[in-house]
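In what follows, a single structure is set out as structure tokens and then discussed.
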Amino acid sequence: MMAQTTSYKLTSKEKAFMCPFLTPVFMNELTKAGAEDMHKDDKLIIHFDVPMTSSLDSVKVYRIASEVGFLPSFFTLEKTEK
């Protein structure tokens, strides 16, 4: 069976996701780009799923981050297929 969804875990250095302005904008832009079931946990890690039918990928996640105003070099993106 093929994986239907890719789960992403986005962590940041410098506690970037504490930002009350950029973080919600970033999460909203990811949602508009195809991310689902998004939440930020108490360790400031953003979790989201992307269906295989979506064009959202790692490259786009970093592009959206920089468009919103985050430095992509601050992030670590882990992905797991499920």
Residue by residue through the range 40-45, the couplings from Karplus 6.51 cos²θ - 1.76 cosθ + 1.60 with θ = phi - 60°, in Hz, x for Gly and Pro, are 10, 8, 6, 9, 6, 9
What lysines could a cross-link reach from K15, if we take a straight Cα to Cα line under 21 Å and drop same-chain neighbours fewer than 8 places away?
K40, K43, K79
Taking loop as defined by DSSP and a crowding limit of 10 other beta carbons within 10 Å, which chymotrypsin sites (Phe, Trp or Tyr not before Pro) in the range 1-50 fit?
F21
Roughly what angle does helix 22-33 make with the longest principal axis of the chain, taking Cα atoms, 0 to 90 degrees, to the nearest 10?
20 degrees
Relative contact order %, the chain, counting alpha carbon pairs below 8 Å whose residues are six or more apart
48 percent
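FYI, it's all coordinate maths here, none of it is from the lab. Note that the structure is a prediction, hence the values are computed from the model and not measured. No Cβ is skipped: glycine too gets one built from the backbone with ideal geometry, and neighbour counts run over all protein chains shown.
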